[in-house]
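K.L.:
Please read through the structure below; I'll follow up with questions.
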Amino acid sequence: MVDTVGAEAWQRAHALLLEKERHLEQVKVRHAQGAVTSAELAALKAETQRLREAANAMFNAVFRFYET
């Protein structure tokens with residue numbers, strides 16, 4: 001049960017990360033077109049990086065659980 005919950009939580013986190021990364025790519029294009037400020041782009045990059053780190057930490061925790 002716990003392993004399934006952990007795996008599902010990681011899958012949800014990973015899906016959110018992919019969605020955020022797609023959004024970041026769209027914002028990069030809009031930034032190049034002048035529609036988004038550098039500050040907005042930097043904030044989104046930082047938010048995406050934090051989400052990436054959290055998803056990686058969750059993956060590592062689930063992986064360690066399966067190893068034992």
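K.L.:
Run the numbers for GLU67 and LEU24: contour at 0.36 nm per residue of separation, minus the present Cα-Cα distance, in nm.
P.N.:
12.1 nm
K.L.:
Can you give the accessible area per residue of the chain, in Å², using a 1.4 Å probe?
P.N.:
Normalised by residue count, the accessible surface of the chain is 73 Å².
K.L.:
Give the carbon-plus-sulfur fraction of the accessible surface of the chain in %, rounded to a whole number; probe 1.4 Å, heavy atoms of protein chains only.
P.N.:
Carbon and sulfur atoms account for 59 percent of the accessible area of the chain.
K.L.:
Nearest 10 degrees is fine. How inclined is helix 38-67 to the longest principal axis of the chain, computing both from alpha carbons?
P.N.:
So the helix axis and the longest Cα principal axis differ by about 10 degrees.
K.L.:
Relative to the compact-globule scaling 2.2 N^0.38 Å, provide the ratio for the alpha-carbon radius of gyration of the chain.
P.N.:
1.41
K.L.:
Ok, one more. May I ask you to derive the relative contact order of the chain, considering only C-alpha pairs under 8 Å and at least 6 residues apart, and to give it as an integer percent?
P.N.:
Across the chain, relative contact order equals 48 percent.
K.L.:
While we're looking at this one, here's another question. Relative to the longest principal axis of the chain, what angle (0 to 90°, nearest 10) does the C-alpha long axis of helix 2-32 take?
P.N.:
For 2-32 against the chain, the angle is about 10 degrees.
K.L.:
Helix-only estimate, please: 222 nm mean residue ellipticity of the chain, summing -39500 (n - 2.57) across DSSP H runs of length 4 or more and dividing by its residues, to the nearest 500.
P.N.:
Calculated mean residue ellipticity at 222 nm is -32500 deg cm²/dmol.
The values are calculated or read from the model by the stated rules, or taken from the named source; none is laboratory data. If you're wondering where the values come from, they're calculated on a predicted model, not measured in any experiment. Protein only, heavy atoms only, side chains kept; ligands, DNA and RNA dropped before computing areas. Shrake-Rupley method; radii C 1.70, N 1.55, O 1.52, S 1.80 Å.
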